[in-house]
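Only the coordinates and a few stated rules stand behind these numbers; no lab work does. Model, not experiment: these values are computed from the prediction. With ideal geometry, Cβ positions are generated from the backbone for all residues, glycine too; neighbour counts draw on all protein chains shown.
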Amino acid sequence: MTPGLYRENPLSLEEREVYERDLISFCDRELDLLGDTEGLDVLYAGGSSPLWLEGLSQRIGRMGTLVALEADTELVEEGRELLRDADLAAPVRIVAGDVFRPPFERNTFDLAYSAGLFHELDVRERSAEEALAALASVVRTGGRVATSDFVDSVSAVQLEDEELHRELARELSGAELYGIGPPERLVALHEALLDDVRWRISPPHPVRYLDRVVLAEEEPEGSQSLPVGKRRRLSGRLEALRERIRRDGYTRPATLYLEGSVFES
């Protein structure tokens, strides 16, 4: 699921608070898997979301540092503005950059972490392996690379939504998103590049009122520019997805947490 523009505000103030509490609970569950991060120098390679950065900053504390890598240059200043009211412990710096070419020296961080990075990664020119290797290259010897992402080990409405988004991205820009796949794919990726890899699958985490938020989203940006036949076909699939959400709610996938150590080759 990707954030979008909304036709109208779908939730009341009370419902919005419940929705946001569930998102925070999901974020906390994933971040708890990192274990003790107090005092570390951490790279977050998942963008500039205040939800994740606030949670990470609180865990790192005042003796550590947190740098967020944001691929969308337009979101860098927006992220900085949102963080001004966040409850931060470790200082947070948001940097514009590409995960394939992170703008940092080698051996800069104790930990590189991403949440939801890989399924949104455009791999038409460079591979997921190259992205993970680039993250490992800026981590100090003995440090960790950790990732969290959705996997298709259980049925979920969001899997259909993400596949539709993946096809639309391909049609509009030629992007080839890595997408959501089986846990074994990401496990093999990490085991090929890191040492002492461990992993854990967590069950789907429900987010109340998420179905109403998704149903209130506008038609995907840029879809009006598609040829009539393709637009009609994608519109039909989108409406079928909306009908399924109305019937079944917006169920979420399981998540896979992975971490491994970085050693000199």
Quiz item: Counting DSSP beta bridges in the stretch 1-127, what percent are antiparallel, to the nearest 5?
Solution: 10
Exercise. Could you check the simple spin-label distance between A96 and E191, using points 7 Å along Cα→Cβ, in nm with one decimal?
Key: 4.1
Quiz item: What order, most packed first, do the peptides 188-198, 115-125 have when packing is the mean number of other Cβ atoms within 10 Å of each residue?
Solution: 115-125, 188-198
Self-check item: trypsin sites (Lys or Arg not before Pro) lying in DSSP loop within the stretch 32-102, provided at most 13 other Cβ fall within 10 Å
Solution: R62, R84
Quiz item: Using a simple charge model, +1 on the beta-carbon of Lys and Arg, -1 on the beta-carbon of Asp and Glu, nothing else, what dipole does the chain show about its Cα centre, in debye to the nearest 20?
Solution: 460
Practice problem: Determine the gain in length on full extension of the stretch S235-H205; use 0.36 nm per residue of separation and subtract their C-alpha separation, reporting nm with one decimal. | Solution: 8.0 nm
Exercise. At 7 Å along the Cα-to-beta-carbon direction for both E130 and Q58, put a label point, then send me their distance in nm to one decimal.
Key: 3.8
Practice problem: Give, in nm to one decimal, the length gained when the segment between E74 and R244 is fully stretched (0.36 nm per residue of separation minus the Cα-Cα distance). | Solution: 57.8 nm
Quiz item: For D85, D110, D98, what's the fewest-to-most ordering of other Cβ within 10 Å of each Cβ?
Solution: D85, D98, D110
Self-check item: Percent of beta bridges antiparallel (DSSP, the stretch 112-265, rounded to nearest 5)
Solution: 80
Quiz prompt | Cα pair count fraction exceeding 26 Å, expressed as % - the chain | solution = 43
Exercise. Please get the size of the charge dipole for the stretch 127-265, origin at its Cα centre, with Cβ charges of +1 on Lys and Arg and -1 on Asp and Glu, quoted in debye to the nearest 20.
Key: 520
Practice problem: Calculate, in nm to one decimal, what N107 and A254 gain on full extension: separation in residues at 0.36 nm each, minus their alpha carbon distance. | Solution: 49.7 nm
